[in-house]
Amino acid sequence: MRDEELAAKALGEAQRILEEYLKPLPRTNERVILDQLVEVLERPDLLVAVSRMQHGR
């Protein structure tokens with residue numbers, strides 16, 4: 001998967017998680033949402049891809 005595709009997929013997943021969080025429902029475990037976002041955004045392959053994109057590689 002290309003770097004751009006990997007980044008777009010991660011952003012889509014993060015947006016889905018935030019949309020779930022923003023629904024007008026009672027929130028009982030905000031830590032779960034934070035953990036899910038960290039899991040998506042801190043994936044090693046994503047971090048490498050974003051670094052390459054930032055450095056124009």
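Observations
- When shorter helices are ignored and each DSSP H run of at least 4 residues is given -39500 (n - 2.57), the per-residue value for the chain at 222 nm works out to -24500 deg cm²/dmol.
- Rounded to the nearest 20 debye, the dipole size of the chain about its Cα centre is 80 debye, using +1 on the Cβ of Lys and Arg and -1 on the Cβ of Asp and Glu.
- Volume of the convex hull of the chain (Cα atoms only), normalised per residue: 67 Å³.
- Per-residue extension of 0.36 nm, minus the Cα-Cα distance of residue 38 and residue 7, leaves a gain of 9.7 nm for this segment.
- Evaluating 6.51 cos²θ - 1.76 cosθ + 1.60 at θ = phi - 60° for every residue in the range 6-13, the Karplus couplings come out as 4, 5, 5, 5, 5, 4, x, 5 Hz, glycine and proline recorded as x.
- In this label model, residue 48 and residue 15 are separated by 2.6 nm, measuring between points 7 Å along each Cα→Cβ vector.
Coordinate-derived values only; no laboratory data. Keep in mind the model is a prediction, meaning the values are calculated, not measured. Note: ideal-geometry Cβ built from the backbone for every residue, glycine included; neighbour counts use all protein chains shown.
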